[in-house]
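Below is one structure, written out as structure tokens, with a few remarks after it.
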Amino acid sequence: MLPHTPKNNQPNLFHNQLRDMLDSNDPLIALADTINWEFFEDSFEKYYSKEGRPAKPIRLMVGLLLLKQLKNLSDEEMIEQWKQNPYYQYFCGFHEFQIALPCHATDLVYFRKRIGKEGVKEIFGMSVKLHGKAIEDKQVIIDTTVQEKNVTYPTDGKLAIKMIHQLHHIAKDEKIQLRRTYVKEIKEHRIKLRFFSHPKKIKKAKASMKRLKTIVGILMRDISRNLPEEQLKKYQETFDLFTKVTNQKMKDTNKVYSLHEQHIYVVAKGKDHKKYEYGTKASLVTTMKDNIIIGAVAHEKNVHDSKTLESALVHANRHRTKPIVEAICDRGYRGKKEVDGTVICIPDSPKKKDTKYQKELKRKKFRRRAAIEPIIGHVKSDHRMQRNYLKGFMGDEINLLLACSAFNLKKWMNNFLALLFILKILLFMYLLGQIRQERRVKYADMYLILFRLG
């Protein structure tokens, strides 16, 4: 049940108001006063029932999600720091300092599942519209990156050992006495797999890997014989997955790299320090001048970059009143020259008919394209996109949109600080002009004025 949010805040006689104790020039305070929180309360009201225990306020939950991505914290760390930080409490809609935890860390998990991908899209749309007319740039920059999943480096040996352990758990839960558990033999094979890359020991490692896959088949058949048909249907999907993993070859397509994250795929980006990345591909669309992220799309399949343009441009155009005229991409997008009326520009050798001015214009345009690379780096390292801990492909979409929302909010806060600095400089120049005109203020008084200005 969603509780009623009071519109008018009545001051408490025994407690001071948070706003009176905080710095009004802090960018987080300014951001809290700028965001239209009533929009989220109206939009997310449909996800709540009218019966049951009263839920946590929507502004609190949305604020916690945004702060979590802004400060690069886990759910547990976010809840703990919220209790200690009065600025976080004001951002989430509280007017008095709270000494208790706002909610349990798992409530953030339930809230993400409650609003789903559509709700997070509305949060991202809010972060884009905060920048006003700056998002209406005719030219945009598009690039793709990989959002890695929180999985271990996949090898056939690791997957086989994990499958054997899961089969042991199934046998224990169903109280099945296996003919043999192979626990001691698995330990020996695990040691041999550690030296897979050694030239003299690769033959033994391959034999161990083959034996582990054989053990998986033996255990599955042993469990299947002892289970009744009704119980066997319960584990049929798991057994089908194990069969697919044991039968897959090195050069097969649509391979399974993780038992609990089956949708991920491998992407080879040609990096020297990291040849392969395991996760999902993501497209980012930024404005040409102000570097605002106006579009972010996760791709369920590993498709060529040129085939990701349509979905990325559609998502970016949703937050604008005018369609995008030109998209600047790298050479990985070869094969597309126009998508839904948007011209796709890719670096190419200069043409003979181009004038000197046109050549210089193209050179500057494609040099500017590189501005999206540090943006991707900041979104990954500062806003929790480096490694995604949310489950499933929906978790990839939600984490991507929240990370891009946090980047846009951080940019708004930096612009606010820059504007505040300019205003202080203008005020300083005005006061300095007054001082020079009067010529009666001592230098000590002038320094005191500058000190108060901060």
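Annotations
- Along the chain, the exposed loop sites are chymotrypsin sites (Phe, Trp or Tyr not before Pro) outside DSSP states H, G, I, E and B with at most 16 other Cβ atoms within 10 Å, and the longest stretch free of them is 197-388.
- Cα pair distances of the chain binned at 10 Å [whole percent]: 4, 15, 21, 20, 18, 13, 6, 2, 1, 0, 0
- Think of a 1.4 Å ball rolled over the protein heavy atoms: the chain then has 60 Å² of accessible area per residue.
- Sorting Leu22, Leu427, Leu219 by accessible area puts them as Leu427, Leu22, Leu219; the probe is 1.4 Å, largest comes first, and only protein heavy atoms count.
- Cα pair distances exceeding 15 angstrom across the stretch 283-354, given as percent: 56 percent
- Environment charge at Asp305 (Cβ cut-off 10 Å; Lys +1, Arg +1, Asp -1, Glu -1): +3
- Each 5 Å bin, from zero up to the one with the longest distance, holds this percent of the alpha carbon pairs of the stretch 92-168: 3, 8, 8, 11, 13, 13, 13, 11, 8, 6, 4, 1.
- Apportionment of accessible area to carbon and sulfur, the chain, percent (1.4 Å): 53 percent
- Of the cross-linked pairs Lys117/Lys301; Lys149/Lys365; Lys275/Lys356; Lys234/Lys281; Lys275/Lys307, those separated by over 29 Å at the C-alpha level are Lys149/Lys365; Lys275/Lys356; Lys234/Lys281.
- Label positions at Lys301 and Thr155, each projected 7 Å from the Cα along the C-beta direction, are separated by 3.2 nm.
- Solvent-accessible surface ranking, highest first, for Ser197, Ser405, Ser224 at 1.4 angstrom: Ser197, Ser224, Ser405
- Chain lengthening between Lys351 and Phe196 when straightened (0.36 nm per residue, less Cα-Cα): 50.6 nm
- For the stretch 112-153, taking Cα atoms only, Rg and Dmax work out to 15.2, 44 Å respectively.
- Here the stretch 205-288 yields Rg over Rh of 1.14, to two decimals, using C-alpha coordinates and the Kirkwood radius.
- Accessible surface of Arg363 - all protein chains present, 1.4 Å probe, nearest 10 Å²: 110 Å²
- Sequentially through the stretch 67-79, phi angles give Karplus couplings (6.51, -1.76, 1.60; θ = phi - 60°) of 5, 4, 6, 5, 9, 6, 10, 7, 4, 5, 5, 5, 5 Hz, Gly and Pro residues having no value and appearing as x.
- Put simply, the Cα atoms of the stretch 339-404 extend 53, 28, 15 Å along their principal axes, the longest span coming first.
The values are calculated or read from the model by the stated rules, or taken from the named source; none is laboratory data. Bear in mind the structure is a predicted one, so any value in this text is a computation, not a measurement. Quick reminder, even Gly has a Cβ in these numbers, built from the backbone with ideal geometry, and neighbours come from all protein chains shown. Ligands, DNA and RNA are excluded from the accessible area calculation, which covers all protein heavy atoms including side chains. Shrake-Rupley method; radii C 1.70, N 1.55, O 1.52, S 1.80 Å.
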